[in-house]
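Here's the structure, in structure tokens; my notes come after.
The values are calculated or read from the model by the stated rules, or taken from the named source; none is laboratory data. What you see is a predicted model, and the numbers here were worked out from it, not measured in a lab. Neighbour counts run over all protein chains shown; Cβ positions are idealised from the backbone, glycine included.
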């Protein structure tokens, strides 16, 4: 009789992992409305094909995104390249844009942290120190989200040296929230970055000064191929979903045309603060994504 219990525990564990992969609950943490475009096909496939749940936590109000708004200025009839006009109108415009984009990706809830989108810098210090952002407020909200929503996975951007300081801080807020989490169902946190098929993934091990950003040594990369062709003699790919999402951000410009539109792969890495046992769960998630939808046999 004693031998039955380990077998039952193993079966229960395998069932739990399988259900997690097939209907995962995911929180995507970013700094600005449109940052999630690098993960948009993963998000779409999780909600539409795996029937999972995706929520977002967006750190800033988006008021600083006016550097490439010439076409958006014509579309909205506002001089969005003027900083005063932009900071007055962009926060609401970009909220509506991300709400529209969220409908395409199947996002359930978007939680706006309303921190100032002040200026471009690669230094996260003014934000993570609490000088420019209200860090205790964000921490309380992040802790509540993880406690109440029972996520399986948290997805962030990759906080490499060239990233915006807001992006790095958003990653740090997510990592530290996972570190603080004391519940039984601790989410696995991974970092995503877009890549073209012809380019090598960005080299990254840890962000200097922030050991919590360390990537687990020897952990595999997890990749979603959004350029996978299907139907009509290979005329269509999941990149069209990314284009749908990009099209909602009419106030923006360069990052969409210069990087996101050219993305073939969404590449994800495993943070070292996770338990190494979680690697198999992430692998199973990406195996399920690779086999789902129009990638499934017979489609």
Taking region 241-299 and keeping residues within 17 Å of residue 41 (Cα to Cα), in a helix (DSSP H, G or I), at pLDDT 95 or above and touching a strand residue (DSSP E or B) at 6+ places or on another chain (Cβ under 6 Å) leaves 282, 286, 289
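Restricting attention to region 140-154, does a residue exist that is free of Cβ contacts under 8 Å to residues at least 60 places away in the same chain, closer than 29 Å to residue 185 by Cβ and buried (at least 16 other Cβ atoms within 10 Å of the Cβ)?
no
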Residues that are farther than 19 Å from residue 42 by Cα, surrounded by fewer than 22 Cβ atoms within 10 Å (Cβ to Cβ), modelled with pLDDT of 95 or more and out of contact with any helix residue (DSSP H, G or I) (no Cβ under 6 Å at 6 or more places or on another chain): does region 167-178 have at least one?
yes
Number of the exception - residue 159 against (1) assigned to a helix (DSSP H, G or I); (2) closer than 21 Å to residue 190 by Cα; (3) touching a helix residue (DSSP H, G or I) at 6+ places or on another chain (Cβ under 7 Å):
(1)
Condition check for residue 120: within 21 Å of the chain's Cα centre (by Cα) and modelled with pLDDT under 95:
yes
Would you confirm whether any residue within region 190-205 is surrounded by fewer than 18 Cβ atoms within 10 Å (Cβ to Cβ), out of contact with any strand residue (DSSP E or B) (no Cβ under 9 Å at 6 or more places or on another chain) and farther than 26 Å from residue 124 by Cβ?
yes
Looking only at region 1-31, which residues are more than 15 Å from residue 192 (Cα to Cα) and at pLDDT 95 or above?
24, 25
All conditions in (1) in contact with a helix residue (DSSP H, G or I) (Cβ under 6 Å, 6 or more places away or on another chain); (2) assigned to a helix (DSSP H, G or I); (3) at pLDDT 95 or above; (4) more than 14 Å from residue 245 (Cβ to Cβ) are true of residue 50 except (2)
If residue 132 satisfies all but one of (1) assigned to a helix (DSSP H, G or I); (2) buried (at least 17 other Cβ atoms within 10 Å of the Cβ), what's the number of the condition it fails?
(1)
Given the criteria part of a helix (DSSP H, G or I) and either over 18 Å from the mean Cα position of the chain (by Cα) or at negative phi (or both), does residue 84 qualify?
yes
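Output yes when any residue across region 158-180 is more than 19 Å from the chain's Cα centre (by Cα) and either under 23 Å from residue 283 (Cα atoms) or touching a residue at least 12 places away in the same chain (Cβ under 8 Å) (or both), and no when none is.
Yes, the conditions are met somewhere in region 158-180.
Being touching a strand residue (DSSP E or B) at 6+ places or on another chain (Cβ under 7 Å) and closer than 28 Å to residue 23 by Cα is the requirement here; does residue 176 meet it?
It is false that residue 176 is touching a strand residue (DSSP E or B) at 6+ places or on another chain (Cβ under 7 Å) and closer than 28 Å to residue 23 by Cα.
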